[in-house]
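Please read the structure below before turning to the comments.
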Amino acid sequence: MNLDTLFEASAAACKQAVDGITIRRPDDWHVHLRDGAMLRAVLPFTAGQFARGIIMPNLVPPVTTVAAAAAYRDRILAARPAGSDFEPLMTCYLTDTTSPDEIEKGYSERVWVAAKLYPAGVTTNAHHGVTDIKGLRPVFERMERIGMPVLIHGEATDPAVDVFDREAVFMEQSLLPLLRDHLGLKVVIEHVTTRETLEIVRAHAPRVAGTVTPHHLVINRTSIFQGGLRPHLYCLPVAKREHHRLALREAVTSGDGCFFIGTDTAPHLASAKEAACGCAGVFVGATALQTYVQVFDEEGALDRLEAFASLNGANFYGLPVNNGTIELKRHAASMPSAVSVDDGEIVIFRGGEAIPWSVGEVRR
Ligand code: NCD
Ligand code: ZN
């Protein structure tokens, strides 16, 4: 046996020997928890995996004021399962009339940590979003001054733009000009789905970061039509071609500090998705970490999972990393296929499927 073969054999043995990994407790920097019965149904899944979550403000009506964000935070805290220490980090929904003073008030009072920019009409509950990004100049100037990040759903809203090109068009027409106009503004490009957007993030790091969802790492646009129309794989931004998926896998496992978790877990009733005009959003909260760790394992990058899951995001937001650990086990398990809520059920992404990794013990 030559030396190379020996090394390969030893690496293979090592790999086989890994029956799990333990990492610092992770955070989810993009979560839709909704409200009421749906909040109570989905929160335990996110709280069981993540220590903190950036809570999206696209409720009906949207969370546009400090008072509304504080009240929503209280409802989330009250809905936590007994003993949970999950910490919701709130956001402000930007509209054409958002005032810089309100933004700063919520930030200095530590009610919210970031503001969310939805181009008007871009996605679920985005109709109160921003119609003219340049019109928000005073808001962005204030955010730049106080160091508050803006989290961007980066898709063009012109219906004439092909749905698979909306992210690319937004980056060219809106994101790059915004970055040029506000050189100190901290920006998260959320749920990145294209190779080109990954390059934009890297080129502008560290003041720009990108989140990547679990589902965009394992499905491509063909998956949505595999054997028929699969409404539970439909989200925005819609999954792209295979080469983009491969680039996303490469980016998250690269160790680059500008990428971190943002699951975009987005529960909807099955009846709202299995419809003539089904809504966008994948409920991935119950299988998020299992999917991420599987991807890192498949890419031979388990040693880089902790940076992506537990370090890079906190570093970007200037928050301390979590104490405590979570164990991820190479032990196949399946989640239920759906979760019941009062008036229906929410289908779980990869629910019912034997996933080769499962979540083990959480230590505080
Ligand atoms: C999200 C939702 O349902 O709130 N849907 C989605 O497809 N991702 C909104 C969003 O983040 O776009
Ligand atoms: Zn989202």
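Read-outs throughout are calculated quantities, based only on the coordinates presented, and are distinct from any laboratory measurement. Please read all numbers here as calculations on a predicted model, not as lab measurements. Virtual Cβ from ideal backbone geometry, glycine too; neighbours counted across all protein chains shown.
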Ranked by how many other beta carbons lie within 10 Å on average, peptides 145-156, 62-73 from highest: 145-156, 62-73
Cα centroid of region 291-310 to Cα centroid of region 107-142, whole Å: 32 Å
Hz values of 3J(HN,Hα) by residue in region 50-64 - Karplus curve (6.51, -1.76, 1.60), Gly and Pro given as x: 10, 7, 9, x, 7, 8, 6, x, 7, 7, 10, x, x, 7, 10
Pairs beyond 26 Å (Cα-Cα), from LYS116/LYS240; LYS116/LYS273; LYS186/LYS273; LYS134/LYS273; LYS105/LYS134; LYS105/LYS186: LYS186/LYS273; LYS134/LYS273
Label-point separation, ARG230 to PHE164 (7 Å along Cα→Cβ), nm: 1.6 nm
Cut-off under 5 Å, modelled amide H: who pairs with GLY20 long-range: ARG330
Descending Cα extents along the principal axes, the chain, whole Å: 69, 46, 44
Compactness of region 257-346 as Cα Rg over 2.2 N^0.38 Å, two decimals: 1.33
Estimated inter-spin distance, LEU183 and ASP343, nm [label 7 Å along Cα→Cβ]: 5.2 nm
Förster radius 45 Å - calculated FRET efficiency between SER108 and GLU172 (Cβ-Cβ, nearest 0.05): 0.85
Inter-part distance where region 330-348 and region 73-106 are each reduced to a Cα centre, Å: 27 Å
In Hz, Karplus ³J(HN,Hα) per residue of region 172-177 (6.51, -1.76, 1.60; θ = phi - 60°; x = Gly, Pro): 5, 7, 10, 6, 5, x
Residue (of LEU179, CYS92, PRO206) at the positive-pole extreme of region 3-363, dipole from beta-carbon charges: CYS92
Point-to-point label distance, ASP19-GLU141, nm (Cα→Cβ direction, 7 Å offset): 6.2 nm
Phi-based couplings in Hz for region 316-323 (Karplus 6.51, -1.76, 1.60; Gly and Pro marked x): 4, 7, x, 10, x, 6, 6, 7
Given charges at beta-carbon only (K, R positive; D, E negative), |dipole| of region 3-363 in Debye: 340 debye
Net charge over other residues, Cβ less than 13 angstrom from the Cβ of GLY135 (K, R count +1; D, E count -1): -2
Value at 222 nm in deg cm²/dmol, rounded to 500, when DSSP H runs of n ≥ 4 in the chain each add -39,500 (n - 2.57): -9500 deg cm²/dmol
Charge dipole of the chain about the Cα centre (unit charges at C-beta), most positive-ward option of VAL130, THR46, GLY262: THR46
With Cα atoms, 0 to 90° folded angle of helix 66-79 axis to the chain main axis: 30 degrees
Crossing angle, helix 288-298 versus the chain [Cα axis fit, 0-90 degrees, rounded to tens]: 50 degrees
